[in-house]
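Trainee: Structure incoming, see below.
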Amino acid sequence: MKVVSVLPMDDRQKAYLESKIRAEFVYTSYDDVCEEMLVDADVILGNVPPKMLSVCKHLQLMQLNSAGTDGYTTPGVLAPETKLANATGAYGLAISEHMLGMLLMLQKKLGIYHDQQKEAFGRMQAR
């Protein structure tokens, strides 16, 4: 089995993944992935340009790192037997927390406080 990953991973994450699955692993990035890497892939982790997937003749699973599947569900992009998984739900809480934090920052003018603290710290350092 061959697994092609375009997900950003550190060495610890790669070692963990390799300890769980006996396979040949190819690690690359979205910008560096090429069709030659994908031709005999059984599993793809991460998003690759949908137009490159036509070379995948026996792809069994594609795990996207996005919630959306635009471009991957177009008929003919993936073989009918390929399972497509996405990251729906993985970002909901993080985005909600970020939006709440931004709302509070704007409402309480935390950006102004930050700038004032930075300015005061600069004056203290100059003494």
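We did not get these values from a lab; they are worked out from the coordinates using the rules stated. The shown structure was predicted, so the numbers you read here are calculated from the model rather than taken from an experiment. In this analysis, Cβ positions are derived from the backbone assuming ideal geometry, glycine residues included, and neighbour counts consider all displayed protein chains.
Trainee: Specify the residue that is farthest from Gln60 (Cα to Cα); the eligible residues are those in the stretch 22-45 that are surrounded by 13 or more Cβ atoms within 10 Å (Cβ to Cβ) and among the small types (Gly, Ala, Ser).
Mentor: Ala23
Trainee: Specify which of the listed residues (Ser66, Ser19, Ser54, Ser96) is within 17 Å of the chain's Cα centre (by Cα) and either small (Gly, Ala, Ser) or exposed (fewer than 13 other Cβ atoms within 10 Å of the Cβ) (or both).
Mentor: Ser66
Trainee: Taking helices (runs of 4 or more DSSP H) that do not extend beyond the stretch 21-127, which have at least 3 residues that are of a type in the set (S, T, N, Q) and over 17 Å from Met1 (Cβ atoms)?
Mentor: Filter on the stretch 21-127 gives 110-126.
Trainee: Okay, next question. May I ask you to verify whether Val48 is out of contact with any Phe, Trp or Tyr (no Cβ under 8 Å at 6 or more places or on another chain) and crowded, with 17+ Cβ neighbours inside 10 Å?
Mentor: So Val48 fails the test.
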